[in-house]
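The values are calculated or read from the model by the stated rules, or taken from the named source; none is laboratory data. All of these numbers come straight from a predicted model, not from anything done at the bench. A quick note on method: Cβ atoms are made from the backbone with ideal geometry, for glycine too, and the neighbour counts reach across all protein chains shown. Just the protein is used for accessible areas: all its heavy atoms, side chains included, with ligands, DNA and RNA removed. Shrake-Rupley method; radii C 1.70, N 1.55, O 1.52, S 1.80 Å.
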Amino acid sequence: MTLTILKKMGYDIDLVGSAEIYRWQNDTTEIDKNIVDNLFLIKQNPPKIKTSLDYWKHKISKFYQKPNEYNHLLTDFAKKEFQNIFNKTKYDVIIINYEFWTGLVDNGSMKNTLKIIDTHDWITLNEFYKNESLDIGKRFNEELSNLSKFDKVITISEDEHLVFKRFLGEKVINIPPSFTPHFEKNTPDKKYDLIFVGSENIFNVQSMQWFFDNVHPLLPSNINIIVIGKISKHIEERKGVKLVEFTESLEEYYHQSKIAICPMLEGTGIKIKVIEALSYGLPIVGTERAIDGFPSKTSNGCLVSDNPEIFKDQIISLLQDKSYYLDMKKQAEEYFRNNFSSEKVIEKWQSILQ
């Protein structure tokens, strides 16, 4: 999303990724040349060539250096590879995704480069959800220290914007995600009543387990549900539930669906899946976590409750009352236009980069 916006603004874009993450996730290294000019992959470790100085430096460093506690891929060798990429081009702007990659930035050699961190999540809180024994004070202090090394700190959630701005001041700017709107001009018959799109991260797994354990048994047996993404590997096959692990395009499935659900129980930051569903004009039924990071908690196209009975009632109301459904659909479209359009996002990026 951000890359598309920056390309629209006329920037040349080189993308740097972790070779290990690309391999683990089976990601393609093919790039869309309309968006990304070059792709570079940095490695965690040097090749195992015993005549190589890098190999022996890395091997010796293991005896006196502890691995990075929060990102084991951030090694001295990875930093060197990133530095080599930078030295060849001397970029005007560096944008780092996620605070735990801060170590790639060297404020000495990169002092004339605009350094931006795109936080994506409040990492301390995210890690606490996964590990309740986490030393929150220590981790949050480290997170703030890392963010302070950048010229600009981007948040995508209004909630996190308010938190970080109290500590880091005016360098913190909220730029929400944006999508191209795909609002339909008519309301043809839909194939699916409910749609959920998600990866297999722990928060999605927990949320869908909660939904199928607590809400699904309360719904009429003729409800049709489609679940898309790797999350589908963690869901049992049931009557009326279609599981699609991968698709080239989500567009046809969103257009065939009436309501998007987001029964998140934990996790931080704005929920991209909710904004994407709003971009198709779909009403959302979710838990309270579904609207984390929204500028407005009401009149946003979303119905929220952590109570399974109310969650079910909200779904039934939208499916049975056409007038109510159309009102919520209109609300979803208006909220998307006012908060997540590419025009508004471009304005915010221009204020930083120009």
### Label-point separation in nm, PHE167 to HIS234, each point 7 Å along Cα→Cβ
2.7 nm
### Relative contact order computed over segment 292-346 (Cα-Cα under 8 Å; 6+ residues apart), in percent
42 percent
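Which whole-number value in Å² is the accessible area per residue of segment 98-196, probe 1.4 Å?
For segment 98-196, the solvent-accessible area averages 48 Å² per residue.
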### Of LYS258, LYS149, LYS80, the one that fluctuates the most in a GNM where the chain has Cα springs shorter than 10 Å
LYS80
### Helix-derived mean residue ellipticity, 222 nm - over the chain, DSSP H n ≥ 4, -39500 (n - 2.57), to 500
-11500 deg cm²/dmol
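Net charge around LYS90, counting only other residues with Cβ within less than 14 Å of its Cβ (Lys, Arg = +1; Asp, Glu = -1)?
Taking every Cβ under 14 Å from that of LYS90, the sum is -1.
Report in % the part of the accessible area of the chain that belongs to carbon and sulfur, leaving out ligands and nucleic acids; probe 1.4 Å.
Reported share for carbon and sulfur atoms: 49 percent.
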#### Entry: Top of GLY137, GLY301, GLY269 by mean-square fluctuation, Gaussian network on the chain, Cα under 10 Å
GLY137
### Query
If you wrap segment 217-311's Cα atoms in a convex hull and average its projection over all directions, what's the area in nm²?
6.6 nm²
## Note on the structure
Computed ³J(HN,Hα) along segment 81-86: with the Karplus parameters 6.51/-1.76/1.60, θ = phi - 60°, integer Hz and x for glycine or proline, the list is 4, 5, 4, 4, 5, 5
### Rounded tilt (10° steps) of 136-147 against the dominant C-alpha axis of the chain
70 degrees
### Task
For the chain, list log₁₀ I(q)/I(0) at each q in 0.13, 0.15, 0.16 Å⁻¹, using the Debye formula over Cα point scatterers of equal strength and ignoring solvent, two decimals each.
-1.14, -1.41, -1.53
### Task
Once you've got the GNM for the chain with C-alpha springs shorter than 10 Å, pick whichever of ARG166, ARG337, ARG289 has the biggest mean-square fluctuation.
ARG166
### Query
Against the longest alpha carbon principal axis of the chain, how many degrees, from 0 to 90 and to the nearest 10, is the axis of helix 308-320 turned?
60 degrees
### Message
Applying a 10 Å radius around every beta-carbon, put 277-286, 322-331 in order of their mean neighbour count, most first.
### Response
277-286, 322-331
### Query
Excluding ligands, DNA and RNA, what is the solvent-accessible area per residue of segment 207-354 at a probe of 1.4 Å, expressed in Å²?
45 Å²
### Message
At q = 0.18, 0.19, 0.21 Å⁻¹, what log₁₀ I(q)/I(0) does segment 169-274 have when each alpha carbon counts as one equal point scatterer in the Debye sum?
### Response
-0.95, -1.04, -1.23
### Task
Any chance you could get the radius of gyration and Dmax over the Cα atoms of segment 146-204, in Å?
18.3, 52
